[in-house]
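Notes for the one structure printed next.
All of the numbers you see were taken from the coordinates with simple rules; none came from a lab. None of the values given here were measured: they were computed from a predicted structure. Don't worry about glycine lacking a Cβ; one is built from the backbone with ideal geometry, like all the others, and counts go over all protein chains shown.
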Amino acid sequence: MPSFASPHPRYQQSFLCSVQELLDAGEDQKLTGLTVFGEETHTIEELADPAAFAAFAQRLRDLALIGTPRPEGKVPETMLWWVDGSDLLGRLSIRHELTDALRECGGHIGYVVRPSVRRQGHAKAMLAAALPIARGIGIDPALLTCGAENTGSRRVIESNGGVLEDQREGELRFWVPTTV
Ligand SMILES: CC(C)(COP(=O)(O)OP(=O)(O)OC[C@H]1O[C@@H](n2cnc3c(N)ncnc32)[C@H](O)[C@@H]1OP(=O)(O)O)[C@@H](O)C(=O)NCCC(=O)NCCS
């Protein structure tokens, strides 16, 4: 049964395979997990080195800490990997607070499921598992956004109680209660 884990070197091989899958599927570079804050871009070749991957995993864990250096306008975020044994199936991040930019697009929570295991309920289960964690961070309700054409993500949000507020520049904006 899959569950969340913090980024850790034990998932190196599976993480790198999932990145390759996302690239092969033509997904946006920002969705691959190789890019931190949309600025720090890593490569599969670099992260094939165990020491480099360990440092990368540590960097991802540290993003949740207030004292971690981050670009201006970026907020602390909790990075979670959805794993089954040593297999990484998906990733989810919880932004601890909203900025003006996140309020328009992005919201509190973002996620991606690797292409080979889509349509198996992982995104729905990930979001359900993330809501109590968001609640623990002090988020209630959580803002989630998705492209108006992103039927899968919309279903994930609505099946977790999301209530549509509006659409801004092609992005649907939902509020999801984090308490049951
Ligand atoms: C969107 C995404 C996270 C869905 O992940 P998933 O694990 O396949 O989703 P689930 O299996 O939990 O599916 C949830 C529901 O959406 C439906 N669904 C999933 N993908 C779909 C698609 N491409 N088209 C139509 N419906 C879809 C499922 O059938 C399911 O429907 P149900 O409510 O009737 O059961 C995944 O496609 C993905 O990673 N996409 C790229 C990143 C992305 O768009 N992230 C969201 C940013 S807002």
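Given the residues THR35, THR43, which is the only one that is under 16 Å from the mean Cα position of the chain (by Cα) and of a type outside the set (A, V, I, L, M)?
Within the list THR35, THR43, the selection yields THR35.
How about the stretch 106-123: which of its residues are surrounded by fewer than 16 Cβ atoms within 10 Å (Cβ to Cβ) and either under 17 Å from TRP175 (Cα atoms) or among the charged types (D, E, K, R) (or both)?
Result: ARG118, ARG119.
Give the residues of the stretch 112-131 that are in contact with a helix residue (DSSP H, G or I) (Cβ under 9 Å, 6 or more places away or on another chain) and either assigned to a loop (DSSP other than H, G, I, E, B) or closer than 16 Å to GLY38 by Cβ (or both), sorted by residue number.
Residues satisfying the conditions are VAL112, ARG114, ARG118, ARG119.
For the stretch 7-65, list the helices (runs of 4 or more DSSP H) that sit wholly inside it and hold at least 2 residues that are in contact with a strand residue (DSSP E or B) (Cβ under 8 Å, 6 or more places away or on another chain) and of a type in the set (Gly, Ala, Ser); which are they?
Here the list reads 12-24.
Picking from ALA64, ALA52, ALA25, which residue would you name as being more than 16 Å from the ligand (Cβ to nearest atom) and over 21 Å from ALA101 (Cβ atoms)?
Result: ALA52 is the single residue among ALA64, ALA52, ALA25 that is more than 16 Å from the ligand (Cβ to nearest atom) and over 21 Å from ALA101 (Cβ atoms).
Do we find that LEU47 is without any contact (Cβ under 8 Å) to a residue 12 or more places away in the chain and farther than 18 Å from SER116 by Cβ in this structure?
no
Counting only residues that are more than 12 Å from the ligand (Cβ to nearest atom) and part of a helix (DSSP H, G or I), how many does the stretch 136-168 have?
Final tally of qualifying residues: 2.
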